[in-house]
Structures are given as C-alpha cells and as structure tokens.
Amino acid sequence: MHRWGFGVFFLSQLVFLLSAVFVVTPFGDVADDPAVRPMVLLIGMIVPTVLSAIVVIVATIVRGNGPRIDLGLKWSWADVRTGVGLGVAGIVLTLIASQLWTNWVGEDQATSAVGSALDDLRLPPVLAVVIFLYLCVLAPLCEEVVFRGALWGAMDRLRWSRWSAFVVSTALFAVAHLEPARTPLLLVIGIPIGLARLLTGRLLAAIVAHQINNLLPALGVLLLALGVIPT
C-alpha cells in the first residue's frame, strides 16, 4: 500500500491554481494583445494542468510504488475497449445532457470556459491543432491522473468503498472546473468516465473514456478557432 493520501490531491490542486496565476501574470496588459493572447491562453491552459499531474506522478514515485501500481496506470487492450465503449456512450449522454442544459440555462451559460475564451479569436492552424490535441489527449490524461488517480487512490488507501470513490471523484471533478453554471452538466459528463475506473479498477479505461468524450468538443473548438464555424 502506498504512503500518500489526500495531501497529494490537494497539493496538485494548489499547484494548479498557483501556476495558473503565475504563468499568466508576467504577460500583464500584453495578454490582451490579439497577437499575444492565443499563446497566453495556450500556456495558461497547458502548464497548470501538466504540473498538477506531475505532482501526482512524483508523489507516487517518492512515497509509493510508482504510477503503474498506485494509480493503476498500465496498458491493457481490454481497458482500452472498455474506455472506448464508455467514451462513446458518454458522447451520446453528453449530447443529450448538453442540449437539455442549453435549453434550460441558455447558450451563453452552457458554453465551456475554453469555448468562451476562443469565441472571438482566430488562431494560426498550428496553434489551433495544439489546442485540439491538448483538449482531446493531454488534458484528459492529466485530469484523470489527478482525479481518478490521486483522489481515488487516497480514498482507496482509507478503505473507502469503490462507489464512494466514484461519487466523490465525480463530484469534485465537476466542481474543480470552476464553472458553476456548468457544474451539473459536468457531473453528468463525469459519470461514464468514473464508471470506467470503477469497472476496471485501473486508470487507463478512464483516460480513454475521457479522451473519447472530449473528442467532439475539442473538434468544435478547433473549427471555431480556425474560423470554419462562425461565432
């Protein structure tokens, strides 16, 4: 059993919040410059997310048995298939939930923070593709390491039931996005991802499910950033 617990999760969140502030602050007023803003946005998204996941990985190495054992971060085609299946189911669930939520609160309130930030930006193709890959591949990987990895692992260490870990990690995953208007929708989105972790007992299926679930939103952001979809 590993020797790390909730402290690692909370430390990763602290690193996320502090780095989100400090990586953007040096740009000052220049951040509003249309020529600089896309790069500031990209750095502000990627750096905090990656650093928070690195905190968890390092903690498992220093105070545990490494990410493969402590987080269940190991390759398995069966887990990939489970992740794809739940990810596709998640897309269907997300589309239905998103439409219902948009009808209820209005389109402005239902738009993600990233979508809103890119609403009036036109990006060079390379930057647009990087943001797409971040949203579809890197962000799900890092978020799962933190929420269904560190947080779930902390609860598992205290012998919480798997269903308790599922409920708590799903709830905190939704709240941690800091988008109050979309929290109920994020709760729904997190259900199939959490189920992937619950059913397999490992992290890979949750990562794949999250990546599949993010595919359509990431594609929408890509097309929006390239100006293919009008704002």
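Suppose we filter 181, 150 for residues that are among the hydrophobic types (A, V, I, L, M, F, W, C), assigned to a helix (DSSP H, G or I), surrounded by fewer than 22 Cβ atoms within 10 Å (Cβ to Cβ) and in contact with a helix residue (DSSP H, G or I) (Cβ under 7 Å, 6 or more places away or on another chain); which single one remains? Full working, then the answer.
Details: 150 fails: surrounded by fewer than 22 Cβ atoms within 10 Å (Cβ to Cβ).
Going through 181, 150 in turn, the sole match is 181.
Within the bounds of the stretch 20-32, is there any residue that is among the hydroxyl-bearing types (Ser, Thr, Tyr) and either at pLDDT 95 or above or surrounded by 15 or more Cβ atoms within 10 Å (Cβ to Cβ) (or both)?
Start the filter on the stretch 20-32 by keeping residues that are among the hydroxyl-bearing types (Ser, Thr, Tyr), which leaves 25.
Narrowing further to those that are either at pLDDT 95 or above or surrounded by 15 or more Cβ atoms within 10 Å (Cβ to Cβ) (or both): none.
No, every residue in the stretch 20-32 fails to be among the hydroxyl-bearing types (Ser, Thr, Tyr) and either at pLDDT 95 or above or surrounded by 15 or more Cβ atoms within 10 Å (Cβ to Cβ) (or both).
What are the pairs with Cβ atoms under 8 angstrom where one residue, in the stretch 174-201, is touching a residue at least 60 places away in the same chain (Cβ under 8 Å) and closer than 21 Å to residue 20 by Cβ and the other, located anywhere, is assigned to a helix (DSSP H, G or I) and of a type outside the set (A, V, I, L, M)? Sequence gap at least six, or different chains.
Here the result reads 176/13; 176/147; 177/183; 181/109; 182/101; 182/109, each pair linking the stretch 174-201 to a residue that is assigned to a helix (DSSP H, G or I) and of a type outside the set (A, V, I, L, M).
Can you name the residue in the stretch 153-170 that is of a type in the set (A, V, I, L, M) and out of contact with any helix residue (DSSP H, G or I) (no Cβ under 7 Å at 6 or more places or on another chain) and is also surrounded by the most Cβ atoms within 10 Å (Cβ to Cβ) among such residues? Write out each step before concluding.
Taking the stretch 153-170 and keeping what is of a type in the set (A, V, I, L, M), we get 154-155, 158, 165, 167-168.
Okay, now just the ones that are also out of contact with any helix residue (DSSP H, G or I) (no Cβ under 7 Å at 6 or more places or on another chain), so 158, 167.
Values: 158: 10, 167: 15.
The residue in question is 167.
Would you please list the contacts, defined by Cβ atoms under 6 Å and residues six or more apart or on different chains, that run from a residue in the stretch 73-100 that is of a type in the set (D, E, K, R) to a residue that is surrounded by 16 or more Cβ atoms within 10 Å (Cβ to Cβ)?
Between residues of the stretch 73-100 that are of a type in the set (D, E, K, R) and residues that are surrounded by 16 or more Cβ atoms within 10 Å (Cβ to Cβ), the close pairs are 79/200; 79/202; 79/204; 79/205.
Condition check: without any contact (Cβ under 8 Å) to a residue 40 or more places away in the chain, of a type in the set (Val, Ile, Thr) and part of a helix (DSSP H, G or I). Does residue 168 satisfy that? Working first, answer last.
Working: without any contact (Cβ under 8 Å) to a residue 40 or more places away in the chain: yes; of a type in the set (Val, Ile, Thr): yes; part of a helix (DSSP H, G or I): yes.
Yes, satisfied.
For the structure I just gave you, tell me whether residue 57 is modelled with pLDDT of 95 or more, crowded, with 16+ Cβ neighbours inside 10 Å, touching a Pro at 6+ places or on another chain (Cβ under 9 Å) and closer than 14 Å to residue 4 by Cβ. I'd like the intermediate steps shown before the answer.
Working: modelled with pLDDT of 95 or more: yes; crowded, with 16+ Cβ neighbours inside 10 Å: yes; touching a Pro at 6+ places or on another chain (Cβ under 9 Å): yes; closer than 14 Å to residue 4 by Cβ: yes.
Judged against the criteria, residue 57 is a match.
The values are calculated or read from the model by the stated rules, or taken from the named source; none is laboratory data. Fair warning: this is a prediction, and the values are worked out from it, not measured in the lab. So basically every Cβ, Gly included, is an ideal-geometry build from the backbone, and we count neighbours across all protein chains shown.
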